[in-house]
């Protein structure tokens, strides 16, 4: 239960960090908040030759809005995102998902980039970024790449980042008006990894008809599962329980989740169906409430 | 590097030590500083027994390296009591039987110390949410919650003129 020996590197700048990765990328592990990596080190499930600590690199943390996007630096602590008024206002889905990640002691240290780089299929953040069609910004000494979630998340605990590349920030679009969001999950105990989680958004027009929606799930595949086709049926429809239940059925029609000790494949599929319908219903309710508020503000 | 000299403040005391970089903060506190109040249960971030406060935030000391702590401020359970006088939260734990074997207690105390600083008048639900990352296998959580709520009330009462 003690980590194996490693060479510890503390770069002070991004360029310095990228230089180390260019040289040692294959044998190096990047230490962000350490809430997933340090347990793996303690168990000796990973034995990197070099541990590259990003905690003293300047400029990797911060939350800003520009150009219709909310941009979050990779080293921003999850707790900082959770308590950010900017995030609550501009990206309520992210704000709602944050407190469902682990426990407060984990979020005090854990970072947004660390979770996205770890790419655990049960984790909340990959699904949120996938539902929102976010962008993941990778840097290396060779330059910059911007990947969409479907290109970035490759497989279980695997991303498209090359050994010399570092995730430096994530961008998500600012949530448009008359849009409601919901993040729901079922776990065996509060703070445990969820069996299944669902991130949902619904946008309605002034007449209350759905104009857009998005749905992404955790825990039902090796990467976040985005239910694009299933949600498309909502566009032009009235937000009714029947419409959401239909989406739920379509979501699971194409799913074959792996079963394990904690939940069978059938139970995960059932959770995916029920939570999808529930999350969409809650998002639609909030969208309608938001549209009402906008109307009365204008009066 | 495989060793690093760190300057840290622990319970208000400045300390300078050279540590092997793979040594966790928990082992550093226990083995190098003889602060054995911080307990190690699972050593992989699940049980919360090793919770300490770093720069004002409750964190798992088994998931940090001492080498990362240069320039940082650490509070451990040893910093709560003033000599023989218990902190109001510790007093409330004793009063309300918030512990049996006491193994998990330092972690609970540090987690709740942080909560009461950020949220001096928490609800029952807020206390339960705050301690959801700390495991106790003896008492159950009812008495711990009662102790936390009592400590919050007694702090509020003593703050009143």
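The values are calculated or read from the model by the stated rules, or taken from the named source; none is laboratory data. Everything quoted here is computed from the prediction, not taken from an experiment. Virtual Cβ from ideal backbone geometry, glycine too; neighbours counted across all protein chains shown.
Scan region B:47-68 for residues that are within 16 Å of residue A:39 (Cα to Cα) and more than 8 Å from chain A (Cβ to nearest Cβ) and jot them down. Result: B:47, B:49, B:50, B:61, B:66. Here is the figure for region B:34-60: residues that are touching a strand residue (DSSP E or B) at 6+ places or on another chain (Cβ under 9 Å) and either more than 20 Å from residue B:109 (Cα to Cα) or exposed (fewer than 15 other Cβ atoms within 10 Å of the Cβ) (or both) total 2. In this entry, residue A:206 passes the filter for residues that are outside the structural domain of residue A:75 (by TED's automatic domain parsing), outside any helix (DSSP H, G or I) and more than 19 Å from residue A:119 (Cα to Cα). Residues that are more than 20 Å from residue B:10 (Cβ to Cβ) and either crowded, with 21+ Cβ neighbours inside 10 Å or out of contact with any strand residue (DSSP E or B) (no Cβ under 7 Å at 6 or more places or on another chain) (or both): does region B:67-84 have at least one? Yes, region B:67-84 has at least one match. Consider residue A:104 carefully, then state whether it is surrounded by 18 or more Cβ atoms within 10 Å (Cβ to Cβ) and in the same structural domain as residue A:132 (by TED's automatic domain parsing). So residue A:104 passes the test.
Here residue B:30 clears all of (1) part of a helix (DSSP H, G or I); (2) buried (at least 16 other Cβ atoms within 10 Å of the Cβ); (3) within 12 Å of another protein chain (Cβ to nearest Cβ) except the condition numbered (3). Highlighted here are the helices (runs of 4 or more DSSP H) found entirely within region A:1-100 that include at least 2 residues which are within 23 Å of residue B:64 (Cα to Cα) and without any contact (Cβ under 8 Å) to a residue 40 or more places away in the chain: A:14-24, A:37-42, A:78-82. Among the residues of region A:101-124, those that are in a helix (DSSP H, G or I) and either under 19 Å from residue A:268 (Cα atoms) or without any contact (Cβ under 8 Å) to a residue 40 or more places away in the chain (or both) comprise A:104, A:105, A:107, A:108, A:124. None of A:30, A:104 is within 14 Å of another protein chain (Cβ to nearest Cβ), in contact with a helix residue (DSSP H, G or I) (Cβ under 9 Å, 6 or more places away or on another chain) and more than 30 Å from residue B:128 (Cα to Cα) except A:30. Only residues that are out of contact with any helix residue (DSSP H, G or I) (no Cβ under 9 Å at 6 or more places or on another chain), closer than 14 Å to residue B:47 by Cα and without any contact (Cβ under 8 Å) to a residue 12 or more places away in the chain were counted in region B:81-139, giving 1. Look at (1) over 28 Å from residue B:51 (Cα atoms); (2) within 8 Å of chain B (Cβ to nearest Cβ) and you find that residue A:9 fails only one, number (1).
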